[in-house]
Structures are given as C-alpha cells and as structure tokens.
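Here is the structure we will look at, set down as structure tokens.
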Amino acid sequence: MSVFKPARRWQPAFYPFKKEKLSKRILAKTELWIKGPLFGCRMCGNCLLQETAFICPMECPKGMRNGPCGGITPEKNCYVDETRKCVWYAIYQRALKTGREETLLEILPPLDWNRVGTDTWGDVVRQIRKVGTGKFISGVLSNDKEKKNKIWDSVFKTIRQPEWWKGDRDYHQALSCEPVSDLEKRLRAGEFIVATEVTPPTGAGTDKLIRDIELVKPFVTAINFTDSSSARPKMSSIACCKVAIDQKAEPVFQIAARDTTRTGMQSAVIGMNAVGIKNILCVTGDNPITGSLPTSSMNFVDIDSVQMLWILRRMRDEGIYLDGRNIRNSPKMFIGAATSPFSSDPVLQAIKDHKKINAGAQFFQTNLIFEPESLDLWLEQLDKRNVLNKVFILVGVAPLKSYKLAQYLHTKVPGVSLPEKILKRMEKAGESAPEEGVQIVLEVIDSVKRKQGINGIHIMTLSWESIVQRIVTESGLG
Ligand code: SF4
C-alpha cells in the first residue's frame, strides 16, 4: 500500500525482458523503491505521471493509459475488482481539483514493451543535460507559468511522446471531405439515421445470420456486428461484415482492444478495407472477468480505444503504420467509438469523449440510454468543449423483452444501469413485458430525436432482430 495513491497496486512491478547493465539495474531498483510507495509505480518504463495527476495509470487492470473505460461501478469502483476505486476516476478527480484537467487531453502512447521494467530517470537526466541543466533549473523555478510549462515539456514531453507516436491535445479533422460509406454520407447530409446490431452466430453456419440481416436491412442505414461481446466467443465481426456486404447491407465492423494487439489491429483494418468494409467502431471491450470460463488474462490490453483511434486516423490520413512505414493504398474509413455518458459522471465523461474526438472519432454510439433527459448535461459539456459539432452521435436503445433481462443488464453488464422507474415498469408489466420494453424504446427515441447534437439511434436488438421494423415504423423514422 502506498502513501499517496488511491488504491493498492494491481499487479507487481514489471521486470525487464533482457538483462540490463548493473548501473541501469541499480537505477531501476532505486526508482521502484521511491516511486512505488509514492505513486503506485509499476515500472512500465514509459512514465506518464506528470499527465496523470501523479497517480500511476498502470494500476488499472485493463492498462488504460488514456482515461477510464465505460465500466466504473455506481460507487466509482473498478468493475474488474469492486474492492478498489477506479484509478482513472481518482486521476480525473485530482486533475479537476488541481485545475489540470486539460492535460488529460493529451493522447498518450501505448507501452513500448522493450522498455518495461527499466528506469525513466536516466532518460530524464539525459534530456535535462540536452536542454541545459542551468536553463532547466531556472525555468522550473521561474514565476512565469508559460516559461515553466515550456521548459518542463522540453524535458518530459520528449520522454512521454516518442517520435513514433507524437500525441497532442489538438483536434485533427479528417483530411478527405468525401464520405466513404453510406452511413457517413447520410450523417453528413443531416439525416437522422437508424443503425442496428445483429448478434453474430455462435456456430459457423450463416443461414440465421443472413436471415437476420435481411430482416433488418430495409429499415436501417448500417448494421453493427459485435466483437465477442461480454468476452464470449462468437463468429468474428469481420466475417459477419463480409456476409452483410454479400447481402448488399452496410456493415459496421467492431473491433475490441481486448482481443487484439497493435499489429493485429492494423492488419485487420487493411484486410477489412480490402473486402469493402468502410465503417469501424473501436471499443476497449469488456474485461474477461465478465465472460466465459476459464477466465483469460484480465491484466492488460496492448492498446486502448483512444490509441486505436489515433493509429487508425494516421493510417488513413497520413498513410503510415504505427512503425512509420508508408502504406501504399491507405485504408478509407469512417471511424467511430463507443461512449458511456453516465458511466462516471458526465463532466468527466466529456473529457474522455473530447479526447476520443481529437484522436479521430467521427461518430459515437452510446451505451444503452433509458433516461434521455440525463443526456443533456453530457451534451452541454461536449458543447462547452466545442466538440459537439465535430462528431455524430447515435443514441443506443434496446427493447427489453423481460424483467429478468432488465435486471441482468442492470446488475451484470458493465457501464449499464437502469433507472428504478424503468425496472419497476418492467416488473409491473408481467406477461406484457415485451410490449412495455418496446414502449420504453419508443419514448426514448421520441425524446432524443428532438435533442440538438443527436444524429440518430442505434438499436441494440439483444437477439430480438424481428422488432426492428416495428420500432422504426412506429417511431416515425421509417
Ligand atoms: S473501471 Fe475500467 S478504467 Fe477504471 S480501473 Fe477498472 S478497468 Fe480501469
């Protein structure tokens, strides 16, 4: 247990993969003995402490380096281990208290695994020498805030933002003005659109998948295929997308950081483009603790969703892979991200979403919304940050078929919580629960379609694909 950090360390500190020189090993040990108790440092060798309010983000079991995931519990604890506070919630709280919340916007890189377990202090000393020790000390002691920040960044930003990453806090508009998919075209044209989700099959047969696609296709602009949702294996999203293309439907390829690496993601994106998939939705993915047994690694993802967006945007707009190689035919993509407006608190969530928009998100699909009036605060925050007009927002809705399903979503699905009044309505409905579930969805749609900044809805069918036609028709979105 450390002195200043809010939670106990998730896992022991890293060790280097290769044997380092004795002097480096001694330096690394000294760094660990000091930074471990103070900040919960795990010796990732890629230190970000200045940007994370001096709380080590490596305490997060998902290894998130760019903000919280959508799974914080109502008590602000981590859903992977509810006995501890969400480390990112603590980082945000401290940053807000110290007025440093804008520093949280900087897009931070994934780990360079060749450096884990090694010291960062050696790099700091070398960089200070490069800048000039006297100049650095006088800058840090200066009363001029701008001068102080500049000299600080000249040392620490160089270390935390390697050449291969070059993350910043700025918004990067997509270079091409030409829409690459029907979804993008319609959203840009100002249409209020409907997207939906078809559940991927658990077997290798595609008959039911094709039937479901045919069932929803006439009523929606695009169809999402989840990537092993709830960490349970099913047919891959990319295969379902290809089946959809063969059926002349427009797919949205979902890719979860949980099951991929930086290499795997870049290859998947080139492949998806080659077979005609143009919409992609980046999610971090539910932790394996929510999935099937035996539980696979709960510890780390190689890249988080913000990093995915940053890499994809650069592949498309700058035509480069993460390693700097040029891509001859760069992929054309409409890039999206998921958001949970109520998972932590709308003010904090807006910071994370601002970061995603800066990184490259062009559209958002929200988590399930049952209380549309609560969206206003989040939308206000996005507007205040001047990013509401830089992203298309599709509100997630789901027809509840039963009270049992409502309870399951409320208690078991990370980031989803149903208001008491909705749970009561579903319980009271008894045998008419499916009808009540549809009415709730229609009410939500009626409310959100009048909200400024909302550009459509995303119907998560929860395996009830046949209801899409009715929802679209009765909500007047046909
Ligand atoms: S809730 Fe999510 S972001 Fe927070 S510590 Fe747990 S896994 Fe990390």
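The values are calculated or read from the model by the stated rules, or taken from the named source; none is laboratory data. Please read all numbers here as calculations on a predicted model, not as lab measurements. Backbone-built Cβ (ideal geometry, glycine too); neighbour counts: all protein chains shown. Side chains included, ligands, DNA and RNA excluded: accessible areas come from the protein's heavy atoms. Shrake-Rupley method; radii C 1.70, N 1.55, O 1.52, S 1.80 Å.
What does the charge add up to near C177, with Lys and Arg as +1, Asp and Glu as -1, over the other residues with Cβ less than 13 Å from its Cβ? Computed value for this residue: 0. On the beta carbon distance between K208 and Q439, with R0 = 22 Å, the FRET formula returns roughly 0.20. For region 66-115, the percent of C-alpha pairs falling in each 10 Å distance bin, counted from 0 to the bin holding the largest distance, reads 24, 40, 33, 3. For the chain, the longest principal axis of the C-alpha atoms and the axis of helix 305-317 are separated by about 90°. With each label modelled as a point 7 angstrom along the Cα→C-beta vector, the R25-V275 pair spans 4.9 nm. The apolar share of the surface of the chain, taken as the fraction of accessible area on carbon and sulfur atoms (1.4 Å probe, ligands and nucleic acids excluded), comes to 54 percent. Dividing the alpha-carbon radius of gyration of region 327-477 by the rule-of-thumb value 2.2 N^0.38 Å gives 1.11.
If R0 is 41 Å, the Cβ-Cβ spacing of K248 and E431 corresponds to a FRET efficiency of close to 0.60. Packing, as the average of other Cβ atoms within 10 Å across residues, places the peptides 47-58, 71-82, 287-298 in the order 47-58, 71-82, 287-298, highest first. In this structure, the amide hydrogen of E197, modeled 1.01 Å from its nitrogen in the peptide plane, lies closer than 5 angstrom to those of N224, I459, T461, counting only residues at least 5 positions away or on a different chain.
Here the dipole of region 148-210 is about 460 debye; that uses its Cα centre as origin and unit charges on the Cβ of Lys and Arg (positive) and Asp and Glu (negative).
Cut-off 16 Å, label point 7 angstrom out along Cα-to-Cβ of S374: give me the residues of region 428-447 whose amide nitrogen falls inside. The answer is 441, 444-445, whose backbone nitrogens lie closer than 16 Å to the label point. Cross-link reach is defined here as a Cα-Cα straight distance under 16 Å, omitting same-chain residues fewer than 8 places apart; for K451 the aspartates and glutamates meeting it are E191, E371, E373, D376, E380, D383, E443.
If a/c stays under 1.5 just call it rounded; otherwise compare a/b with b/c (prolate if a/b is bigger, oblate if not). Do that for region 199-278, with a ≥ b ≥ c from the square roots of the Cα gyration tensor eigenvalues. Cα axes put region 199-278 in the oblate bin. Working note: Karplus 6.51/-1.76/1.60 with θ = phi - 60° gives region 197-208 the couplings 10, 10, 6, x, x, 8, x, 8, x, 10, 4, 5 Hz, where Gly and Pro are set to x. Calculated on the alpha-carbon coordinates, the convex hull of region 102-152 measures out at 104 cubic angstrom per residue. Of the cross-linked pairs K76/K412; K208/K248; K35/K352; K21/K150; K135/K157; K62/K352, those separated by over 21 Å at the C-alpha level are K35/K352; K21/K150. Round to a whole angstrom and tell me the spacing of the C-alpha centers of region 329-346 and region 454-478. Between the Cα centre of region 329-346 and that of region 454-478, the gap is 21 Å.
Straightening the chain between R126 and T83 buys 11.4 nm, computed as 0.36 nm per residue apart minus the Cα-Cα spacing.
Cα extents for region 151-242 along the principal axes, largest to smallest and rounded to whole angstrom: 62, 36, 19. A helix-only calculation puts the chain at -12000 deg cm²/dmol for mean residue ellipticity at 222 nm, using -39500 (n - 2.57) for each DSSP H run of at least four residues, averaged over all residues.
Kirkwood radius for region 49-163, taken over all pairs of different Cα atoms as the inverse mean of 1/r, rounds to 15.9 Å. Partners of K217 within straight-line reach, counting aspartates and glutamates whose Cα lies under 12 Å from its Cα and excluding those fewer than 8 residues away in the same chain: E197, E250, E465.
Net charge in the neighbourhood of S432 (other residues with Cβ under 12 Å of its Cβ; Lys, Arg +1, Asp, Glu -1) is -1. Taking every alpha-carbon pair in region 413-478 and binning the separations at 5 Å intervals from zero gives 3, 14, 23, 25, 23, 11, 2, 0 percent. If one computes P(r) from the Cα atoms of region 239-322, what percent of pairs lie at distances over 14 Å? That fraction is 66 percent. Taking Cα centre as origin and charging only the Cβ of basic (Lys, Arg, +1) and acidic (Asp, Glu, -1) residues, the dipole magnitude of the chain rounds to 2100 debye.
Both numbers refer to the Cα atoms of the chain; Rg and Dmax are 23.1, 77 Å.
Other residues lying with their Cβ under 15 Å from the Cβ of D383 contribute a combined charge of +1, Lys and Arg counting +1, Asp and Glu -1. Among beta bridges from DSSP that stay inside the chain, the antiparallel ones total about 5%.
Using a Förster radius of 25 Å, what is the FRET efficiency between D383 and D182 based on their Cβ-Cβ separation? Nearest 0.05, please. E between D383 and D182, to the nearest 0.05, is 0.35. Label point of S466 set 7 angstrom out along Cα-Cβ; within region 205-220, amide nitrogens under 15 Å from it belong to 208-209, 211-216. Averaged over its residues, the chain has an accessible area of 45 Å² per residue, based on protein heavy atoms and a 1.4 Å probe.
Taking amide H as placed 1.01 Å from N in the peptide plane, C41 has its amide H under 5 Å from the amide H of G36, each at least 5 places away in sequence or on another chain. With 21 Å as the limit on Cα-Cα distance, the pairs of K185/K355; K404/K428; K19/K130 that go past it are K185/K355; K19/K130.
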